[in-house]
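Structure, as structure tokens:
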Amino acid sequence: MDFRVGLPKIRVLPSSEERLRTLAQGADQAEAWAGQARLKIQPVLARLYELRRRIATTAVALLAIWLFLHVTFGANGMVVYRSKKAEYQKLEKDIHELEKENNDYTKQVTELKTDPKRIEKEAREQFHYARPGEVIYVAPERPAPTPPANRSANK
């Protein structure tokens, strides 16, 4: 059996002077790289600074155009609002017509339940009932017109 215990390796840290020297060397390289990057980017930044008004104006114009299109044609825009409003008005009209029709039917039902003259009238018209001594004449139904055989008969 192996009873060895693994100990982590001890790492010796560099002294503070060595760390500072390494940092100073890296700082020189980083400063040189930043200087080169600044020289490359500086003309672009100068041009952007010159065009800042045009860029801002263009951005505001694009924002205004997008906002206009969104308000007009968006999911809850004016076009959808107007169509929904027209649909709502049509449905309101339909509701009023149906309520009127419902009231008429309610009135007819009430009359058929309570008014003897109305009951007699319906019995005479629908079931062809008659009082004693009356004769009922029923006209035959007209046959449906047949369509012409060809186009020349239409003229």
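The residue among A130, T114, P140 whose Cα reaches farthest toward the positive pole of the charge dipole of the range 77-155, with charges on the beta-carbon of Lys, Arg, Asp and Glu, is P140. Loop-located chymotrypsin sites (Phe, Trp or Tyr not before Pro) in the range 38-135 (DSSP state other than H, G, I, E, B) with a sparse environment of at most 12 neighbouring Cβ atoms within 10 Å: Y129.
Taking the fewest neighbouring Cβ atoms within 10 Å as the starting point, the ordered list for I10, I119, I65 is I10, I65, I119. Report the percentage of all Cα-Cα pairs in the chain whose separation exceeds 18 Å, rounded to a whole percent. Summing the P(r) of the chain above 18 Å gives 86 percent of all pairs. Listed by chain and number, the lysines whose C-alpha is less than 16 Å from the C-alpha of K113, apart from same-chain residues fewer than 8 away, are K121.
Would you mind working out the magnitude of the charge dipole of the range 1-97 relative to its Cα centre, with +1 at each Lys and Arg C-beta and -1 at each Asp and Glu C-beta, to the nearest 20 Debye?
Details: 16 positive and 10 negative charges, 54 e Å.
Charge dipole, the range 1-97, about its Cα centre: 260 debye, nearest 20.
When only alpha carbons of the range 61-128 are considered, Rg and Dmax amount to 25.6, 80 Å.
Stokes-Einstein D for the range 1-85 at 10 °C, 1.306 mPa s, Kirkwood Rh over Cα pairs, in µm²/s?
Details: Rh = 20.3 Å.
Approximately 78 µm²/s, per Stokes-Einstein.
Bear in mind these aren't lab numbers, they're just calculated from the coordinates by the rules spelled out. None of the values given here were measured: they were computed from a predicted structure. Backbone-built Cβ (ideal geometry, glycine too); neighbour counts: all protein chains shown.
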